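**Student:** Can you keep this structure in mind? I'll have questions shortly.
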Amino acid sequence: MTEAVYPVPQDWAERARVDRAEYERLYRESVDDPDGFWLARARERLDWIAEPTTAGDWSFDEADFRVRWFADGKLNAAYNCVDRHLKERGHETAIIWEPDEPSEEPRRISYRELHAEVCRFANVLARLGVAKGDRVTIYMPMIPEAAFAVLACARLGAIHSVVFGGFSADALAGRIEDCGSKIVVTADEGRRGGKRIPLKRTVDQAAEKAPSLQTVLVVQATGADVPMGPRDRWYHQELLQADDDCVPAEMDAEDPLFILYTSGSTGKPKGVLHTTAGYLLWASYTHALCFDYRPGDVFWCAADIGWVTGHSYILYGPLANGATTLMYEGLPNWPDASRIWQVVDRHQVHTLFTAPTALRALMKEGDEPVLATSRKSLRLLGTVGEPINPEAWRWYHEVAGEGRCPIVDTWWQTETGGAMIAPLPGATDLKPGSATKPLPGVRPVLVDEHGRELEGEASGNLCIAASWPGQMRTVWGDHERFFQTYFTTYPGMYFTGDGCRRDADGYYWITGRVDDVINVSGHRLGTAEVESALVLHAQVAEAAVVGMPHDVKGQGIYAYVTLNADASPSEELHGELRAWVRREIGPIATLDALQFAPALPKTRSGKIMRRILRKIAEGDTGGLGDTSTLADPAVVDDLVANRVRA
Ligand code: WTA
């Protein structure tokens, strides 16, 4: 099989700031002298109150385990994203906001306006008692106030924890309690694809299970009639007493900037903690490098700020770079499959960054909705969140980008803060489906199951051998879990949880998670979380959840459920369990297939054999392998015979 290679287009090779030789030089320098390299980047890219004199201070070994960068530096992240741009580009647009409803007017917020909004928001929070180091949970729709709230926290030195607006009351309550937020910032309602999302009502339900919560600050977004209780405050009323100026807090480089909850292979979602300087530098540097950002570009990352992609590439990266960032309230395919391209035309977007799952959904609608738009402003396309299948890659490249826009496929994780393996548009030839090469400072290593490092062309588990500034620093409240989760599988290295192949040209091809995490529409979900939700139901005795291939979502959720002796399978119970899981976690946890199973395949020691369940879910019933270690091999025959097709 010959692999398609898309060479760097001539115009890109000429105009890009980083060409092949420059990339190679940067990479070499970053590996030969990481401290010198990052200290120089930190000084040139960020504004400091006190410049750091040291760069990396880290060890992945248990005895002296630590991850710190630029430890003696002092700065403020909001100052870097807003104030420092005022002199040169105060009147330029910082945020373009595109509403859900296409007939409504977009909003354009200049850096000067952003400064005033963030200061006022910070003063409102401060008056409500928020101080440096406090946690603030943000449960917001995609409206500009969400950005103001995030930056207001950074200005005060409070730690924001943004929770995706699609999560349920229970999921929200767990996240409020875990980090001990006393305050939640929310809106009366959100809007998405013409639907209303009752955010305030969900916060009220969450509050019953989150005793730490004292105050709910409510932004009026739709004007819906929502009940206001003793702990609730309207943002627009608080604003009347808020000053336009707020001095940014002086923060240590290693002071926490935010917590973002993400799913792992075991237990509850963990609070990934990022600190101020290293994270901001990573977001800013990778945004500039991967997207060859230059002043005047309109940059659109079509994610939600509830995910890390939104943190790094709607807010922190572009704003640290003084860019114009587009924030879109709605869905790419609403009211119709043309919408995403209409937004591109309306705002003359240069760079579009989205997820493969969105592309696959759009691709299904055919080329017409795309061809009905101009897209002449586009010069670069990006993807993130899951492996992109070559068909979707080619469609994105040829139909959406008319063959003239390179595709930057960025591999990274909530834990890494920003892109890690990705092409640079002026430096890297592209291969559809490959995230290509590591960025400067990133040292990927492939290991076999014994932890032996594999050289050259190989397939294995992806680890990172050395710390980088954007690395997460801890799991909130559980430093031991941080070490256990990422540094014990392959001692001395950060283990990503992903499988990966490296080809003869040194290109990396991510093959997906090798742990019990599934990637549904680019969103991480722990199978254990779905299982815990299922077994909470009174009629469920036991549940096992695995991923299955899904042509739009990438992976779907396949659940095997064993009922209690007094319960029996029915259509009704089937529907009830699907609704139950959605209510427990949120709509992203919608079961794609549910199989009632009289029993689950277990080893004699009682361990569920997930390998077999995965194979059955994939429809690969011929390749079940050795089942002789099962306590009762007949269980498998029943599962195969009653396999559910999604
Ligand atoms: C997967 C999202 C292949 C991967 C930024 C990773 C990808 C997980 C890619 C992290 C990509 C992300 N190609 N797989 N370009 N990008 N992944 O924390 O399995 O939501 O471990 O961060 O998504 O998901 P997370």
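**Student:** Farthest toward the dipole's positive end in region 448-514, which of A458, W468, Y507, given Cβ charges of +1 (Lys, Arg) and -1 (Asp, Glu) about the Cα centre?
**Tutor:** So the residue furthest toward the plus end is W468.
**Student:** Which residues does a label at R583 reach in region 524-560, if reach means a backbone N under 18 Å from a point 7 Å past the Cα toward the Cβ?
**Tutor:** Residues 530-541 fall inside that zone.
**Student:** Separate question: Suppose each label sits 7 Å from its Cα in the direction of the beta carbon; what would the E368-R231 distance come out to in nanometres?
**Tutor:** 5.1
**Student:** Compute, for region 448-514, the length of the dipole vector about the Cα centre, with Cβ point charges of +1 (Lys, Arg) and -1 (Asp, Glu) only. Units Debye, rounded to 20.
**Tutor:** With Lys and Arg at +1 and Asp and Glu at -1, about 260 debye.
**Student:** Suppose all protein chains stay in the model; what accessible area per residue would a 1.4 Å probe give for region 521-642, in Å²?
**Tutor:** Accessible area per residue: 44 Å².
**Student:** Hey, another quick one. So what's the net charge close to D626: Lys and Arg +1, Asp and Glu -1, counting the other residues with Cβ under 14 Å from its Cβ?
**Tutor:** Working: positive: R604, R611, K615; negative: none.
Neighbour charge sum, excluding D626 itself: +3.
**Student:** Can you give the accessible area per residue of region 214-284, in Å², using a 1.4 Å probe?
**Tutor:** 40
**Student:** Please report the carbon-and-sulfur percent of the accessible area for region 521-642; probe 1.4 Å, protein heavy atoms only, DNA, RNA and ligands left out. Please list the in-between numbers first.
**Tutor:** Values: 2710 of 5390 Å².
Using a 1.4 Å probe with all protein chains present, region 521-642 comes out at 50 percent carbon and sulfur.
**Student:** Hey, got the dipole for region 32-179? About the Cα centre, +1 on K and R Cβ, -1 on D and E Cβ, debye to the nearest 20?
**Tutor:** Working: 18 positive and 26 negative charges, 140 e Å.
It works out to roughly 680 debye.
**Student:** Also, quick follow-up: Give me a comma-separated list of calculated 3J(HN,Hα) values for region 236-241, in order, Karplus coefficients 6.51, -1.76, 1.60 applied at θ = phi - 60°, integers in Hz, x for any Gly or Pro.
**Tutor:** Values, residue by residue: 5, 7, 4, 4, 4, 9 Hz.
**Student:** Using the Cβ atoms and a cut-off under 10 Å, what net charge is assigned to the surroundings of I143, where Lys and Arg are +1 and Asp and Glu are -1? Don't skip to the end; give the middle numbers.
**Tutor:** Working: positive: R107, R191; negative: D100, E145, E329.
Once positives and negatives cancel, what remains is -1.
**Student:** Let me ask something else about it. If you bin every alpha carbon distance in region 448-514 into 10 Å steps from zero, what whole percent lands in each bin?
**Tutor:** Per 10 Å bin, starting at 0, the Cα pair percentages come out as 19, 48, 27, 6, 0.
**Student:** Something else now. Find out how many positive minus negative residues lie around T309, taking Lys and Arg as positive, Asp and Glu as negative, among other residues whose Cβ is under 15 Å from that of T309.
**Tutor:** Taking every other residue near T309 into account, the sum is -3.
**Student:** Here is a follow-up. Output the relative contact order of the chain, whole-number percent, from Cα pairs under 8 angstrom with separation of 6+ residues.
**Tutor:** This gives 13 percent for the chain.
**Student:** Taking a ≥ b ≥ c as the square roots of the Cα gyration tensor eigenvalues, with a/c under 1.5 meaning rounded and otherwise prolate when a/b beats b/c, else oblate, which class fits the chain?
**Tutor:** rounded
**Student:** Continuing with this model, one more query. Once Lys and Arg get +1 and Asp and Glu get -1 on their Cβ, which of P7, L534, C153 lies farthest toward the positive end of the dipole of the chain?
**Tutor:** Farthest towards the positive pole: C153.
**Student:** Rounded to a whole number, what % of the accessible area of region 1-141 do carbon and sulfur atoms account for, probe 1.4 Å?
**Tutor:** Details: 3190 of 7010 Å².
Here carbon and sulfur together make up 46 percent of the probe-accessible area.
**Student:** Here is a further query. Go through Q484, A207, P269 and say which Cα lies farthest out towards the positive end of the charge dipole of the chain; charges sit on Cβ, +1 for Lys and Arg, -1 for Asp and Glu.
**Tutor:** A207
**Student:** Another question, then. Describe numerically, in nm with one decimal, the distance between label points set 7 Å from Cα along Cα→Cβ at E105 and at T53.
**Tutor:** 5.4
**Student:** Helix-only mean residue ellipticity at 222 nm, the chain, DSSP H runs n ≥ 4 weighted -39,500 (n - 2.57), per residue, nearest 500. What is it? Working shown, then result.
**Tutor:** Details: 21 runs with 190 residues, N = 646.
That comes out to -8500 deg cm²/dmol.
**Student:** Rounded to the nearest 0.05, what FRET efficiency is calculated for E455 and A4 with R0 set to 22 Å and r the Cβ-Cβ distance? It would help to have the intermediate numbers written out before the result.
**Tutor:** Numbers: r = 26 Å, r/R0 = 1.18.
For E455 and A4, the calculated efficiency is 0.25.
**Student:** Further, regarding this structure: Over region 448-514, with every protein chain in place, what whole percent of the accessible area is carbon and sulfur at 1.4 Å, could you tell me?
**Tutor:** On the way: 1320 of 2790 Å².
For region 448-514, the apolar C and S fraction of the accessible surface comes to 47 percent.
**Student:** Take every Cα pair under 8 Å in region 287-426 that's 6+ residues apart, average their separations, divide by the length, and report that relative contact order as a whole percent.
**Tutor:** The normalised contact order for region 287-426 reaches 24 percent.
**Student:** About the Cα centre, and with charges only on the beta carbon of Lys, Arg (+1) and Asp, Glu (-1), how big is the dipole of region 521-642? Nearest 20 debye, please.
**Tutor:** Roughly 480 debye for region 521-642.
**Student:** Still on this structure, please answer the following. From Cα pairs below 8 angstrom and at least 6 apart in sequence, can you work out the relative contact order of region 448-514, rounded to a whole percent?
**Tutor:** 37
**Student:** With a probe of 1.4 Å, find how much accessible area region 427-486 has per residue, and write the answer as a whole number in Å².
**Tutor:** Dividing the accessible area of region 427-486 by its residue count gives 35 Å².
**Student:** Once region 521-642 is represented by equal point scatterers at the alpha-carbon sites, with solvent omitted, what log10 I(q)/I(0) does the Debye formula produce at q = 0.10, 0.14, 0.18, 0.21 Å⁻¹?
**Tutor:** Treating every Cα as an identical point scatterer, log10 I(q)/I(0) equals -0.29, -0.58, -0.96, -1.27.
The values are calculated or read from the model by the stated rules, or taken from the named source; none is laboratory data. Quantities reported herein were computed from a predicted structural model and do not represent experimental measurements. Virtual Cβ from ideal backbone geometry, glycine too; neighbours counted across all protein chains shown. To get the accessible areas, we keep the full protein, side chains included, count just its heavy atoms, and leave off ligands, DNA and RNA. Shrake-Rupley method; radii C 1.70, N 1.55, O 1.52, S 1.80 Å.
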